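Before any comments, here is the structure.
The values are calculated or read from the model by the stated rules, or taken from the named source; none is laboratory data. For clarity, every value in this text was computed on a predicted model and none was experimentally measured. Cβ coordinates were reconstructed from backbone atoms using ideal geometry, including for glycine residues, and neighbour counts include every protein chain displayed. Note: accessible area is taken over every heavy atom of the protein model, side chains too, but ligands, DNA and RNA are not part of it. Shrake-Rupley method; radii C 1.70, N 1.55, O 1.52, S 1.80 Å.
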Amino acid sequence: MGTYAWLAIALLIVGLLLLLAEVFIPSGGILGTITVALLIGAIIYAWSAWGRSQPRVFWLFAATLMVLVPSTLIGAFRVLPQTRFGKRVLLEAPAPERLEPFADETARLERFVGRIGNALSALNPGGMVTIDGNRLHAFTEGLVVEQHEPVRIVAVRGTRVLVRSISPEELAAMSRPSEEAGREAPSMDFDFPDEPV
């Protein structure tokens with residue numbers, strides 16, 4: 001083999017190594033550009049070495065290059081993360097449960113949607129409500145709800161519940177009122193003034 005043949009093979013190997021490095025090293029495309037230049041150089045040197053004298057060898061080299069480039073990328077993105085080295089270099093994605101903060105609390109609060117409770121404090125727009133003995137952080141859609149007023153939980157937003165006030169007519173119209181609506185609110189660790197200050 002002549003000098004051009006060795007240069008073609010060397011440029012191919014260096015180009016594939018830089019292609020692997022591009023996957024792991026954030027270079028802003030610099031390594032990718034160098035890789036493309038090296039692979040084009042490999043094709044030019046391969047043509048100079050075998051293009052006219054041994055066209056089959058040249059086309060075999062070109063076909064090998066066309067197979068090795070995608071194989072290297074597939075290996076970098078699929079096979080390498082499964083290896084011990086790949087696990088050290090690449091960070092594993094967090095579990096889906098960890099992506100949604102407070103998933104357990106949100107699931108617990110969703111059980112209360114549609115139920116009726118009492119405002120422990122004036123909701124202006126945020127405050128506390130109680131339902132079945134559970135104290136929940138709540139807020140309204142901007143309307144003030146007075147203390148001890150019955151409310152319906154309509155949605156969950158993060159770790160708080162969205163509530164709407166229930167009018168006495170709606171409460172009377174319900175066929176079976178909620179036990180919470182008629183029960184006195186439990187005492188809290190601190191007192192709320194009956195009248196706004």
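Values computed for the structure shown
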item: If the convex hull is drawn through the Cα atoms of the range 1-52, its volume per residue in Å³; result: 50 Å³
item: Carbon and sulfur %, accessible surface of the range 36-164 computed with the full protein complex present, 1.4 Å; result: 60 percent
item: Mean accessible surface per residue for the range 1-90, computed with a 1.4 Å probe while every protein chain stays in place, in Å²; result: 67 Å²
item: Rounded FRET efficiency, nearest 0.05, which uses the C-beta distance separating Thr106 from Ser165 and R0 of 25 Å; result: 0.60
